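Here's the structure, in structure tokens; my notes come after.
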Amino acid sequence: LPLVVDKLSSTEAWNSLNQAFCSSSHTRVLQLCMQLQNLKKKDSSISTYISSAKYLFDELVSACKILSPEEFNAIIFNNLRSSFHAIVAAISTRSTPVLFPELHSLLNSEEIQINATTPSIDLPFASMVQRNSKQNFSPSSSQNRPQNDDNNRPQNNNNNRQSNNNPNNGNVKCQICKQTGHLAYMCKYRYHGAPTANTTTCTSSNPAN
């Protein structure tokens, strides 16, 4: 009441109220405009997306910022997915802008048509396929082990050939069978134990018989 008590006309009273409530709303207008421009549909429905945009539009009106239908529709179209490009092109060719109620109805009908023509995916089956794929390509799977073993075999064979071709092998003595010419890790008795004394005696006595 103090804002309009001294005003002589309704115009002056309105201007006084407008300045009082809108003078500090510049930051609010910027915030609402940014929220509206960055509003994305993503996985939400058209009804949810349009309702959120309409709420921001109404908040801008209350903050003394009124968007034209062309401006509002341009923001809505820009943040839709590519599957809505056909209906956006059809609406954009009209000679007059589409108002909110009709825009909501057209986009909602297009969403129903898109969902009807999009093949559905069996989620349990998709999860099973993804789980099996992860198991097949797991680093610890048995399919990868033979490859690692094959990669190591040539190196071990090369090491054995180098050891056999070493001229100093005759100077080494096996700790298992006590014979010279090889080491314990190459001994044929390394998993069976050294030959017994009786076996050695019998072997040495055979030529005498």
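Derivation of every value follows stated rules applied to the coordinates shown; laboratory data play no part. Keep in mind that this is a model prediction, so the values were computed, not measured. Every residue, glycine among them, receives a Cβ derived from its backbone with ideal geometry; neighbour counts consider all protein chains shown.
To the nearest 0.05, what FRET efficiency results for residue 9 and residue 71 with a Förster distance of 30 Å applied to their C-beta separation? All intermediate terms of the calculation are to be shown ahead of the outcome.
On the way: r = 32 Å, r/R0 = 1.07.
The value I calculate is 0.40.
Please list, in order along the range 95-106, the HN-Hα scalar couplings obtained from phi with the Karplus expression 6.51 cos²θ - 1.76 cosθ + 1.60 (θ = phi - 60°), rounded to whole Hz, x for Gly and Pro.
Computed from phi, the couplings for the range 95-106 are 6, 10, x, 7, 7, 4, x, 5, 4, 4, 5, 5 Hz.
Which of 185, 55 has the fewest other C-beta atoms within 10 Å, and how do the rest follow up to the most? Before the final figure, lay out the partial values.
Working: 185 11, 55 14.
Ranked by crowding around the Cβ, least crowded first: 185, 55.
Can you sort 58, 43 by how many other beta carbons sit within 10 Å, fewest first?
Listed from fewest to most nearby Cβ atoms, that is 43, 58.
Taking other Cβ within 10 Å of each residue's Cβ, how do 174, 64 sort, fewest first?
Numbers: 174 19, 64 15.
Fewest-to-most ranking of 174, 64: 64, 174.
Please list 175-184, 75-84 highest first by mean number of surrounding beta-carbon atoms within 10 Å per residue. Display every interim value, and only then the final one.
Working: 175-184: 13.8, 75-84: 16.0.
Top to bottom by mean Cβ count within 10 Å: 75-84, 175-184.
Fully extended, how many nm does the chain gain between residue 177 and residue 31 (0.36 nm per residue separation, minus their Cα-Cα distance)?
Details: separation 146, 0.36 × 146 = 52.56 nm, distance 8.89 nm.
Answer, rounded to one decimal: 43.7 nm.
How far is it, in nm, from the label point at residue 92 to the one at residue 59 when both lie 7 Å from their Cα along the line to the Cβ?
Each label point lies 7 Å from its Cα, and together they span 2.8 nm.
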